[in-house]
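Before any comments, here is the structure.
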Amino acid sequence: MVRQAYDDLAPSYDDFTLGYGYKYETWTATLLARVEEEGLGGERMLDVACGTGFSFIPLLERGWRGTGCDLSPAMIEAARAKVGDRAELVVADMRELPDLGEFDLIWSINSALNYLLSSDELIATLAGMRRNMAAGGLVLFDLMSLKTARAFFLGDFTVEREGKKFHWKGSFSPQEAVTAGAIGGGRLEEIGKADVVDTHRMRHFTEADVLAAIAAAGLRCVQVLGEAEGVLHEELDEEAEPTAVYICRA
């Protein structure tokens, strides 16, 4: 289901995310600065669930050697159209990551890991990242908070950019409560294109869920951060901050 949704969405993905207000260059710079504070060294990075490339292109511009992988062949082709041979791009399921190399930084941003629907899938994904880490490497990923899960699972909103309109309808009814650990999602429709209607299923993972999965995957969590308006905070408040950020070592 996830692959089909993103294959269908690939031609319009950039318009939807940019129309929603996602600021890739600012967010990647903020995250990179934080891992540099953690002693990040080297220049080899792996972007897991890289989408159309927005999450790794800013690092290429800074001189990083990048590899990206995504479940969706259409997303990979969209990324390749932007970067050519400046990055190695691979179709791969993050739950079954192949050995792609030894990387100083492995990350997955824009809440891609919320598409994992069980703790076992999260552990498998993190273990795959662990296998691809270079000595002294770091893993960073972000997840939607409970606040954001409620906004999407209950949401009904329209996004517009450069003449394209998208309508998101959450899977929960207004009478339902979105609680910690909930599985939900929604339908994304490109208005005027009846064939572009994608169903998305996601899970909210609590901080306790994530910390347990990190440990089970053989990683050690060194930072749990909350984000609000692009600023990272030293403690995560799931009710007030849209995004949770985790930084791990082997």
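Where a number appears in this text, it was derived from the coordinates with a stated rule and is not lab data. Keep in mind the model is a prediction, meaning the values are calculated, not measured. Heads up, the Cβs are rebuilt from the backbone with ideal geometry, glycines too, and the neighbour counts pull from every protein chain shown.
Okay, here's what the table says:
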{"quantity": "Count, lysine Cα pairs under 25 Å in the chain, 8 or more residues apart or across chains", "calculated": "13"}
{"quantity": "Interchain or long-range residues, amide H under 5 Å from GLN223's placed H", "calculated": "ILE247"}
{"quantity": "Label-reachable residues, region 137-163, where backbone N falls under 15 Å from a point 7 Å from ALA228's Cα toward its Cβ", "calculated": "145-148"}
{"quantity": "Phi-based couplings in Hz for region 93-102 (Karplus 6.51, -1.76, 1.60; Gly and Pro marked x)", "calculated": "7, 5, 6, 9, 4, x, 7, 9, x, 10"}
{"quantity": "Amide H contacts under 5 Å for THR243, placed H, 5+ residues apart", "calculated": "SER145, GLU227"}
{"quantity": "Residue-span extension gain [LYS82 to LYS165] - 0.36 nm each, minus C-alpha spacing", "calculated": "27.6 nm"}
{"quantity": "Local electrostatic count, ALA213, Cβ distance below 14 Å [Lys/Arg +1, Asp/Glu -1]", "calculated": "0"}
{"quantity": "Simple Cβ-charge dipole of region 147-202, Lys/Arg +1 and Asp/Glu -1, about Cα centre, in debye nearest 20", "calculated": "160 debye"}
{"quantity": "Value of Rg to Rh for the chain (Rh from inverse mean 1/r over Cα pairs, i.e. Kirkwood)", "calculated": "0.94"}
{"quantity": "Euclidean distance of C-alpha centroids, region 147-172 and region 38-87, integer Å", "calculated": "27 Å"}
{"quantity": "Charge-dipole axis of region 147-202 as Lys and Arg at +1 and Asp and Glu at -1 on Cβ define it, positive-most pick from THR148, HIS167, THR199", "calculated": "THR148"}
{"quantity": "Backbone HN-Hα couplings from phi across region 151-164 [Karplus 6.51/-1.76/1.60, Hz, Gly and Pro as x]", "calculated": "4, 8, 5, 9, x, 8, 8, 10, 10, 10, 7, 6, x, 9"}
{"quantity": "Sequence-separation-based contact order of region 154-211, relative, with Cα cut under 8 Å and 6+ spacing, percent", "calculated": "28 percent"}
{"quantity": "Cut-off under 5 Å, modelled amide H: who pairs with ALA134 long-range", "calculated": "PHE103, ASP104"}
{"quantity": "Whole-percent pair-distance distribution, where bins are 5 Å wide, for the alpha carbons of region 125-250", "calculated": "2, 11, 17, 16, 16, 15, 11, 8, 4, 1, 0"}
{"quantity": "Fewest-first ranking of SER173, SER145, using other Cβ atoms within 10 Å as the exposure measure", "calculated": "SER173, SER145"}
{"quantity": "Filtered GluC sites (Glu not before Pro), region 124-212: DSSP coil and at most 10 other beta carbons within 10 Å", "calculated": "GLU162"}
{"quantity": "Cβ-based exposure ranking for HIS200, HIS167, HIS233, in which fewest neighbours within 10 Å come first", "calculated": "HIS233, HIS167, HIS200"}
{"quantity": "Net lengthening on full extension, ARG65/ALA216 (0.36 nm per residue, minus Cα-Cα)", "calculated": "51.5 nm"}
{"quantity": "Net +/- balance of residues flanking LYS147 in space, Cβ distance below 12 Å, scoring K and R +1, D and E -1", "calculated": "-4"}
